[in-house]
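Here's the structure we're looking at; comments come further down.
Please treat every number below as a calculation from the coordinates, not as lab data. Bear in mind the structure is a predicted one, so any value in this text is a computation, not a measurement. A quick note on method: Cβ atoms are made from the backbone with ideal geometry, for glycine too, and the neighbour counts reach across all protein chains shown.
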Amino acid sequence: MTTFYTYIAYFKEDTFQSVGVTTDLKRRFKLLRQIGSKKIGKCCKLVYYEEFQSSVEATNRENELNELPEKALKILVENTNPMFVDLLNDLHEFK
């Protein structure tokens, strides 16, 4: 069964976030880091994610998050990851 991830990526701790859906966080963040380093000279971090069993659920959550103001997204991240640690490094499947 495929797992779908809705994620928030930050290019700095408090600016320019990206919200998206993927089935492969490692591959998506490799791509985002390549794009980010070319465009703004910063690496992005996975600072928040949720897992879903269907693409519909993940996409619905992505749409909800995209409707939130930037400040609300920051609060959501701070509530679960106050230090804006890169969670990609902590996922056991990526070690």
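Quick notes on this structure:
- By the count of neighbouring beta-carbon atoms within 10 Å, fewest first, Ser54, Ser18 end up ordered Ser54, Ser18.
- Backbone HN-Hα couplings from phi across segment 25-32 [Karplus 6.51/-1.76/1.60, Hz, Gly and Pro as x]: 4, 4, 5, 4, 6, 4, 5, 4
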